[in-house]
Each structure stands twice: as C-alpha cells, then as structure tokens.
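The values are calculated or read from the model by the stated rules, or taken from the named source; none is laboratory data. Model, not experiment: these values are computed from the prediction. Here the Cβ positions follow ideal geometry from the backbone for every residue, glycine too, while neighbour counts run over all protein chains shown. Heavy atoms of the whole protein, side chains included, go into the accessibility calculation; ligands, DNA and RNA do not. Shrake-Rupley method; radii C 1.70, N 1.55, O 1.52, S 1.80 Å.
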Amino acid sequence: MLSPEYLHALHNLPLAARRAAEGVLHGAHASRRKGAGMEFSQYRPYQPGDDLRRLDWRLAARSDRYYLRESEIDTSLVVHLVLDATASMNHQDDNGLTKLQYARLLCAALAYVATQQGDAVALTVLHPAGLQHLPPRADARQLPRLYHLLENLEAAGRFPDAATLAPLTARRQPALTVCVSDLYEETGEIEQLLTRLRAATGEVLLLHLLARNELEFTYRGAVTFEDLETGQQLQLDAAQQRRLWQQQLQQWLRETAQRARTHGFDYQQLTIAEPLTQALREFLRRRARG
C-alpha cells in the first residue's frame, strides 16, 4: 500500500489518484446498465418497437440485417464529495502532511474510483469565502475539472454560515454524499449540514480526519497551541497534560461517532498518516449496498 507521503511527493494529483485507486479497483466491477448513452458498447438485433434512431443504417446496407447500437450508460448513482476547507485543515502531522493535503489526495482518489465505477461525481468545497461547487457529471472532462479545483485549493477561515450553505440542500437529488472533514466546529454546524444533506440526498458517508500527533499527543516540553480558525492560544506542559488530553479526545471521538450513527451517517475515522486504502474500500462497500 502506498503511503500518503509518497503520493503527495509525486506532485501530480491525477497520477496520485490513479496509483492510490489501483489496489482497491482490482476485482471491482463497474455498475452499468445498457441503454442509449454516449459510449458505444455493442450491437444487438432490431426488435419491433425499438427506437429507429439507434439503428445502424450503414451496417444494415452492408448486411441486409438491422442492428441497434447499444451503449453503456451510468447508473443513477451520483457521488457528491463535500470537502471541509476551513483553517483547521491546515493542521500538520508529524509526517509533514496537513489534513488538507491528505484530504486533497483522498477526494481525488475517491473521484477516480467513482468515475471508474460509472458514477457521476460532484465536488463542493466548504470555504468561508463561499461555496466552490462542481455539479455532477459523468463525462471524460469531469476528473480534470475536479483535479484543477483541488490543486488550487487553500484552507482558511471558519465554517461557512447557514445562508452560504443553503443552496447545498435546496434541491433534493438522490446521491451518496461523502464528507471529508476534521469535524472541528463551534456550534454543531457541520453536524447540522450533514443532517440536512442526508434528508435531501439520502445517504452520507462521513470520513473523519485526525492527525496522529493529535491522537497520540506526541508533543514534548512546553507547547503553545493555536486555534487555526480563531487565533486563540493555549500554553501547556505536554508531559503534564498528555493523559488528560487523550482521555478527553477519546471521549469526544466516542460521542462524535455515536452522534453520527444516530443521525444515520456511515462514520469512518482516519488518520492522515495511513494509506488511502481503508477509505476507498469503505466507499466501495457503501456504494455496493446501494
């Protein structure tokens, strides 16, 4: 399995997404159905009642037989990636990666996997300056659009206000929403958004990003912590506070997982030092459930 540090060091998001996805796509089957889509797949004999516009007249002229051009078209599944790009995602782990850098790789790989499965992919970036939204598409140009948006993304500020988020839930459209966030919030605003998205779209997979230095509290000596969204600072001695920190963090994680499942979300905790494989497999597992 490829490490996130290796994928980031490629400095090539399309290549990194493809390399990350290779292992989990082996043996996975695209979910497609036959119809009158854009990608040509095969011929089948004409049957009374078929749409004559799909007849291949050139083949009929050569063979005196009537065949329809069939194509593979996408299933109805829309995969909506929702990425938290607030300032707390700039937190850096001991491996040198920030949460945003990991999230960028993860969203790119998820989009690649979804596209290979025949799904339409959308991306929404949650940013205080306003939503950056790429509507769902299943055409060949969607991945380059999505990669470009991710490559030029920077994390900043606090979570968007309710008025900014309103367009996300204004339209009801069946989709699998995949949210990538560290879940640092002030008044439950992320939880409220995902609850509304589940009501509007049907399914939510929540991928909760944590740094290993948060989980294991690897800091030493006197440490000054700064809230990346508010600028508030806290000074403490790492050795004295380690046990209390870890106890409170584990309690918060248990409560967070419980609330997520109470709301009907599929919840997966990830550290930004681990390969993307676990998240990609969870996505495929959730997708297979329909």
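Under the classification rounded if a/c is under 1.5, otherwise prolate if a/b is larger than b/c and oblate if not, where does the stretch 213-269 fall, given a ≥ b ≥ c as square roots of the Cα gyration tensor eigenvalues?
prolate
I'd like the trypsin sites (Lys or Arg not before Pro) in the stretch 142-216 restricted to DSSP loop residues with at most 13 other Cβ atoms within 10 Å, sorted by number.
Of the trypsin sites (Lys or Arg not before Pro), the ones in loops of the stretch 142-216 whose Cβ has at most 13 other Cβ atoms within 10 Å are Arg171, Arg172.
Compute the accessible area per residue over the chain, keeping the other protein chains in place, probe 1.4 Å, unit Å².
Details: 15160 Å² over 290 residues.
Heavy-atom SASA per residue in the chain reads 52 Å².
Based solely on its DSSP helices, what 222 nm [θ] is calculated for the chain when runs of n ≥ 4 H residues each add -39,500 (n - 2.57) and the sum is averaged over all residues, nearest 500 deg cm²/dmol?
Values: 10 runs with 118 residues, N = 290.
Result for the chain, helices only: -12500 deg cm²/dmol.
Translational diffusion coefficient, Stokes-Einstein: compute it for the chain using the Kirkwood radius over C-alpha pairs as Rh, at 20 °C and 1.002 mPa s, and state it as an integer in µm² s⁻¹.
On the way: Rh = 21.0 Å.
Once the numbers are plugged in, D ends up at 102 µm²/s.
Between Arg141 and Leu234, what FRET efficiency follows from the Cβ-Cβ distance if R0 is 51 Å, with the result rounded to 0.05?
So the FRET efficiency works out to roughly 0.65.
To the nearest 10 square angstrom, what accessible area does Glu226 show with a 1.4 Å probe?
100
Could you work out what % of the accessible surface of the chain is carbon and sulfur, using a 1.4 angstrom probe and leaving DNA, RNA and ligands out of the count?
Numbers: 7260 of 15160 Å².
Ligands and nucleic acids excluded, carbon and sulfur give 48 percent.
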